[in-house]
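Participant: Here you go, one structure.
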């Protein structure tokens, strides 16, 4: 029913062909080339640093100069001179040193084959003899100085304690040297030191209680116990005393006091007590 009501409002236009000229769609060449690469299964993937690292293995090094922004791109990989103590190290390096070394080794082999070093029994000239003689004297002098220094540094100690050296052994050793020890003058060596007699204790008279004029003998002074340990019963009590002392120090630390004896007054004349007119009443405030 509704279709019949709307049919008179509809109009279907059929376009008529204007001419026989072909007008294909305009596709850019870049899109066509991209489409061709997409049709083929070959994927042109860009190599990442990880891919390069896997390919090169242990020989891989990060190229830090690749992204340098320089006015001249050719200067990226120029050799940077290494300066040491104001000198260019490259000035002291010979790039052909390995080649020259090979040439020297070949020349040395040729000399050995030709018997160049067989005549080693040639006599030395006078100058060489003098040099060797001087070097020998220097070495001897150096060894003497080292020995003297060691003797000065060494602390002489008895090689054998007196208790270990017996008189019989000493007699044998001195006898081997041709010294006789059988005379009466040397008998004191075999005698032992006798114990010295102790001094008798002196008897002292009993002093009267009222006799204060006589000088009193000085007795041994009794060492005083440290103040932090006096009056402390045991280790538990000592720990408790230290804890109480630390807690008592907290308020003084807050006031920036140096200790319990710090009585410093920073402001001897505070402004609110020494400035302004005095009114009636008490004089402790202005």
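Participant: In this structure, is residue 210 modelled with pLDDT of 80 or more, loosely packed, with under 10 Cβ neighbours inside 10 Å and assigned to a loop (DSSP other than H, G, I, E, B)?
Facilitator: No.
Participant: Taking the conditions exactly as written (out of contact with any strand residue (DSSP E or B) (no Cβ under 9 Å at 6 or more places or on another chain), at pLDDT 60 or above and either surrounded by 10 or more Cβ atoms within 10 Å (Cβ to Cβ) or more than 30 Å from residue 166 (Cα to Cα) (or both)), does residue 269 satisfy them or not?
Facilitator: So residue 269 passes the test.
Participant: Checking residue 45 against (1) within 60 Å of the chain's Cα centre (by Cα); (2) farther than 30 Å from residue 91 by Cα; (3) not in a loop (DSSP other than H, G, I, E, B), which test does it fail?
Facilitator: (3)
Participant: Any residue in the stretch 68-81 that's at negative phi and surrounded by fewer than 10 Cβ atoms within 10 Å (Cβ to Cβ): show its pairings with residues that are modelled with pLDDT under 90 and not in a helix (DSSP H, G or I) at Cβ separation under 6 Å, as long as the two are six or more apart or on different chains.
Facilitator: So the pair list comes out empty.
Participant: Return the residue satisfying two criteria in turn: it lies in the stretch 82-95 and is within 26 Å of residue 64 (Cβ to Cβ) and loosely packed, with under 10 Cβ neighbours inside 10 Å, and of such residues it is farthest from the chain's Cα centre (by Cα).
Facilitator: Filtering the stretch 82-95 for residues that are within 26 Å of residue 64 (Cβ to Cβ) and loosely packed, with under 10 Cβ neighbours inside 10 Å, the one farthest from the chain's Cα centre (by Cα) comes out as 95.
Okay, residues lined up against (1) in a loop (DSSP other than H, G, I, E, B); (2) modelled with pLDDT under 65:
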position	(1), (2)
150	no, no
159	yes, yes
162	yes, yes
168	no, no
186	no, yes
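Participant: Condition test on residue 128, is it on the phi < 0 side of the Ramachandran plot, loosely packed, with under 10 Cβ neighbours inside 10 Å and assigned to a helix (DSSP H, G or I)?
Facilitator: In short, no.
Participant: Quick one: is residue 232 in a loop (DSSP other than H, G, I, E, B), modelled with pLDDT of 60 or more and surrounded by 10 or more Cβ atoms within 10 Å (Cβ to Cβ)?
Facilitator: yes
The values are calculated or read from the model by the stated rules, or taken from the named source; none is laboratory data. Here the structure is a predicted model, which means the values were calculated and not measured. Glycine gets a Cβ as well: all are built from the backbone with ideal geometry, and neighbour counts include every protein chain shown.
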